1. Show me, for segment 482-497, the HN-Hα J-couplings you get by feeding each phi into the Karplus relation (A = 6.51, B = -1.76, C = 1.60, θ = phi - 60°), rounded to Hz, glycine and proline as x.
2. Report, in listed order, any pair from Lys682/Lys728; Lys20/Lys50; Lys572/Lys682; Lys20/Lys572; Lys517/Lys690 with a Cα-Cα distance greater than 23 Å.
3. Past 25 Å, Cα to Cα: identify those pairs from Lys130/Lys648; Lys130/Lys162; Lys162/Lys288, in the order given.
4. May I ask you to order 513-522, 225-234 by the average number of other C-beta atoms within 10 Å around their residues, highest value first?
5. Karplus couplings for segment 655-670 from phi (6.51 cos²θ - 1.76 cosθ + 1.60, θ = phi - 60°), rounded to Hz, Gly and Pro as x?
6. Compute the distance in nm between two label points, each set 7 Å from the Cα along the Cα-to-Cβ direction, one at Lys674 and one at Ala226.
7. For Arg272 and Ala295, calculate 0.36 nm times their separation in residues minus their Cα-Cα distance, and state this gained length in nm to one decimal.
8. Which FRET efficiency value, to the nearest 0.05, is calculated for Lys130 and Glu315 with the Förster distance at 25 angstrom and r the Cβ-Cβ distance?
Amino acid sequence: MTNRPQQDPLGIIGTIIAEKYRIDGLIGEGGFSVVYRAEHLIWQQPVAIKCFRILSQAPAERRDELLDGFIQEGRLLASLSSRTAAIVQARDIGKFTTPDGLWIPYMVLEWLEGKTLDQVLFEERIAGYKPREVHEALALLEPVASALEIAHSKNIAHRDIKPANIFIIGDPRGPSPFTKVLDFGIAKVMAEHAALATALAQTGKDISAFTPNYGAPEQFSRTHGATGPWTDVFAMALIMVEMLRGAPVLDGDDFVQLAVQCRDPNNRPTPRSFGVEVSPEVEAVFAKALAVAPADRYPSMGRFWAALYQAVFPEGAGWNMPSTTGIASGASLGVASGRGSMPSMGSITAQRAAAGTGMGAPPASGPSYGTPQSTGALAPASMTPASMAPGTTGPGSRGKGGVIAFAAVAALALLGGSFVAYKLFRKPPPPSEPAPAGSILAGPAPTSSVSAAATRPTECPSGMALVPGGKFYMGSDDPAFKLWQPAHQVSLDLFCIDLHEVTAGEYKECSDKGECKRPEASPNWPKTAGTTDAEHEKKRVAYAELCTFGKPGFENHPVNCVNWAMADRYCKWRDKRLPTEAEWEYAARGSDGRKFPWGDDEGAVGHMNAGGKEFTAWERAAGLKPSDQLYPQDDGFPATAPVGSFPKGKTRFGADDFVGNVWEWTADWFETYKPDEVINPKGAPAGDRKAMRGGGFNGGNILWLNPAFRFHQVPDATQPSIGFRCAKDL
């Protein structure tokens, strides 16, 4: 074999694989695999190419058989990753021959930017940040637990759960980070195939190896039993204790020391054993999860997570195990704290609010993921406690010195092999030592082209909230309203949603540039049944007063009196789009089936701008028949209110005014629901009415405030009670 620079162990940088993947640079390598950054030439998107170098050592006569097994396991990963956004997504699979004649099977994985949990924990330790509380750890790792339960329900175990295999997208201590499981052990799962084990025996490599610091007793010695989902439970419990303690749990200098610690029945690594104050109920859950004998542990991640939720939030609704079909981004939960109970929330924002951590609501600018640097280094100043804004608890805070994240590829947690590999990569480089951009591994920096490519942002634009892809029951089976029936399961991809409804001032900016049509001074909509022409005209003339465009003092009110095409045009001008009806409902309620965006409590004044006595008073003054009142109080706004005026009504993702203020146009043509499970539904292909959501300032019925409530209107209607917000793909 020819000598080759360390930056390209397979000699394929600059080549094109399968006529569509251009290999741009090395990301990292381990005992089993080499990972490259590539460009999908058709989609023009970056991807990660994971090359299973170890399989090149198999005998030539066994390659077809091994490739069949590899494809089968690749199909398994693709199936799992299609059911949850919390497992790195598998895109493609294939084989190629290197310039040196090596036969290499490969897998194409999604490209992610963010950090692995081990990098985050290491940075927080050296900066002296306070360890997380148990509810914070639960909230951060909830998508991982949900993903693992989906796998465990099929009796599939990861077998190498560790912080390096948990990837964080977004601010780790912010309101809406999202976690993913990396390296779902394709090589280790393949080792269970007799043909593969036989073919690779001559290499002398144990491809079912694990990371000793997070190993379970049965991984150190099979005398304890077989590995399985309970093995992942043990590892996850160790990670949780590490997060609560602020330091590694099993920490020895060699394999034997770690094995002794892990298997000692008289010294279990529970929170209290390290002086972490937790309740007796929480301690008991960890004691069971960390039992030496697999039979004494929780049999799956879902059982462990549900028990831990019950111990942490005894007054809450509990943790619901995810379904095993469709895409899931995390499970719902009920939260309660010493400060009283709260409705089921399921988000990290809600968890911190429940525990009184002082995090508060997300800023108006939306989730911040930091700015990736071309060098991948962390600015040392950003890691000092002095750089944190008052009231924040970690480097993810949004003060002036907020952490500057570097890009990293999800597929890099591929080492999983020998103890030597573990010793080399167990600690990420400190912030003062630059790490390669796009990599979580220490080592030689890649070429400048790779560094520049790795800075491609994946965060939502300012003013938008990240809504992780997930699964929920859209609609309702409540017989109170026919149009929202039946409840049916929907799976959605990741997307962004505006934090607030588009304002009159924002729309005027588009109009002033000649990009958006100026709204008419008077609204116009079809006459409703039972209304005379005179009554309809009187109402239309009166309602002209409530149109917000171009009126001084109303710049921060939602723009209204715009038809569907005008809303659609504005969103496209912003390089966005109108949300689908399913996206709107999921952004409003999440996956936990709540009755209102803020939870299950009806709320009242302070939660939304809806039909109070101030609106009926305006109707009487205008000579109109008063509408029904939702509540007898005066919320201070006869019609629209400035966006964000009702912070109690924020959604779990931090967005305002999802109910009340104005109805919101969606992208979909209206159609009645079907009971079928659907993925990324788009509504009817054509129709005469557009679906709209959210209720308006004139809402006098409590049903209007339910995120499942839906209605429709002809697309050319313009009404003071209809506005919109935009969405965006990532």
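1. 6, 5, 9, 9, x, 5, 9, 7, 10, 10, 10, 7, 4, 7, 10, 9
2. Exceeds cut-off: Lys20/Lys572.
3. Long pairs (Cα-Cα over 25 Å): Lys130/Lys648.
4. Output ranking for 513-522, 225-234: 225-234, 513-522.
5. 8, 9, 6, 6, 10, x, 6, 9, 4, 10, 4, 10, 6, 8, 6, 6
6. 4.1 nm
7. 6.0 nm
8. The value I calculate is 0.45.
Laboratory data are not the source of any read-out in this text; all were calculated from the coordinates shown. Here the structure is a predicted model, which is why all the values come from computation and not from measurement. Every residue, glycine among them, receives a Cβ derived from its backbone with ideal geometry; neighbour counts consider all protein chains shown.
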